[in-house]
Amino acid sequence: MLDAGQVCAHCFKQLHFIELPYCRLCARPFASQDEAGKKDICLDCDTSYVPWQHCRAAFVYNEGFKKLIMPLKYGDQQKSLQFLSYFMYRSAQDLIAKADYIMPVPLHKKRLRYRKYNQSALLAWQLGRKGNTRVLPMGLMRIKETIVLGHLSKKERRVLLQNAFIVHPKYKQYLENKRIILVDDVMTTGSTMAECVETLLKAGAKHIDIIAAAKVS
């Protein structure tokens, strides 16, 4: 499927790119501008607390995207890194241009040891290079180990993730009144992002935007 960062034509056709119109808070695509309305916010976001300002994602999470992300996330293969980061940057170039720092959603040290690297940090590095923006790969730390969250509801996720993250003391001084881009590979309910964002806001960050490779829709 993937060779030297290039996706074959058959697999490329399986990808669902997120283009306008989409929800500005979760990147969920709308069927039409009429559905998006004047605010460009989906019903879920309009009726929920969302602590960040904007969210962008390059792809809808589907079977085609899974072929890209699974080897990167679990297979110790980084061939898709350039491809994914290119389209992430394309989807959020304007946000990155305004940001002071880019930070990845962190893994707990046990999971990091098992996987060997944090795929979100690798994507953050690529976005930083493309946008000439400083990356703080260890700015956030995950201090609470949790079970896999895939089967849990949004409410259950938020309960498990309470106090799961802290700002590394070394980097707290950098965050005061700054604009931060938070990067993750896949955005599902946004519960992990919300906990990270609230941690950053408490540490003094002023404005936080989200970039994900894919949005579960």
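The values are calculated or read from the model by the stated rules, or taken from the named source; none is laboratory data. Bear in mind that the values here come from a model prediction, so they are computed numbers and not experimental data. Cβ: placed from backbone, ideal geometry, glycine included. Neighbour counts: every protein chain shown.
Assess whether residue 130 counts as being touching a residue at least 24 places away in the same chain (Cβ under 8 Å) and part of a helix (DSSP H, G or I). In short, yes.
What are the residue pairs meeting all of these: first residue in the range 9-22, first residue free of Cβ contacts under 8 Å to residues at least 60 places away in the same chain and assigned to a loop (DSSP other than H, G, I, E, B), second residue among the acidic types (Asp, Glu) and loosely packed, with under 14 Cβ neighbours inside 10 Å, Cβ atoms under 8 Å, and 6 or more apart or on different chains? Taking only residues 6 or more apart or on different chains, the pairs are 21/35.
With the structure loaded, tell me whether residue 166 is modelled with pLDDT of 95 or more, within 17 Å of the chain's Cα centre (by Cα) and not in a helix (DSSP H, G or I) or whether it fails that test. So residue 166 does not fit the description; no.
Out of the residues in the range 22-60 meeting the condition of being aliphatic (A, V, I, L, M) and out of contact with any strand residue (DSSP E or B) (no Cβ under 8 Å at 6 or more places or on another chain), tell me which one is surrounded by the most Cβ atoms within 10 Å (Cβ to Cβ).
50
Look at the range 44-55: where a residue is closer than 13 Å to residue 189 by Cα and a partner is buried (at least 18 other Cβ atoms within 10 Å of the Cβ), sitting 6+ places away or on another chain with Cβ atoms under 6 Å, you get 45/23; 45/25; 45/26; 50/25; 55/25; 55/26; 55/27; 55/210. If you go through the range 68-98 and keep only what is aromatic (Phe, Trp, Tyr) and either in contact with a Cys (Cβ under 6 Å, 6 or more places away or on another chain) or modelled with pLDDT under 95 (or both), you end up with just 74. Residue 48 - would you say it is farther than 18 Å from residue 214 by Cα, in contact with a helix residue (DSSP H, G or I) (Cβ under 9 Å, 6 or more places away or on another chain) and polar (S, T, N, Q)? Yes. Looking only at residues in the range 73-96 that are surrounded by 13 or more Cβ atoms within 10 Å (Cβ to Cβ) and over 15 Å from the mean Cα position of the chain (by Cα), the one that is nearest to residue 19 (Cα to Cα) is 83.
Number of residues in the range 51-76 that are farther than 22 Å from residue 208 by Cβ and assigned to a strand (DSSP E or B): the value is 1. What about residue 79, is it free of Cβ contacts under 8 Å to residues at least 40 places away in the same chain, charged (D, E, K, R), part of a loop (DSSP other than H, G, I, E, B) and over 30 Å from residue 163 (Cβ atoms)? No: the conditions fail for residue 79.
Against the test of being among the aliphatic types (A, V, I, L, M), part of a helix (DSSP H, G or I) and within 29 Å of residue 62 (Cβ to Cβ), the options 201, 95 yield a single qualifying residue, 95.
Residue check: is residue 194 surrounded by fewer than 23 Cβ atoms within 10 Å (Cβ to Cβ), over 18 Å from residue 29 (Cβ atoms), of a type outside the set (Ser, Thr, Tyr) and touching a residue at least 40 places away in the same chain (Cβ under 8 Å)? Yes, satisfied. Scanning the range 125-143 for residues that are surrounded by 15 or more Cβ atoms within 10 Å (Cβ to Cβ), at pLDDT 95 or above and charged (D, E, K, R) yields a single hit, 130.
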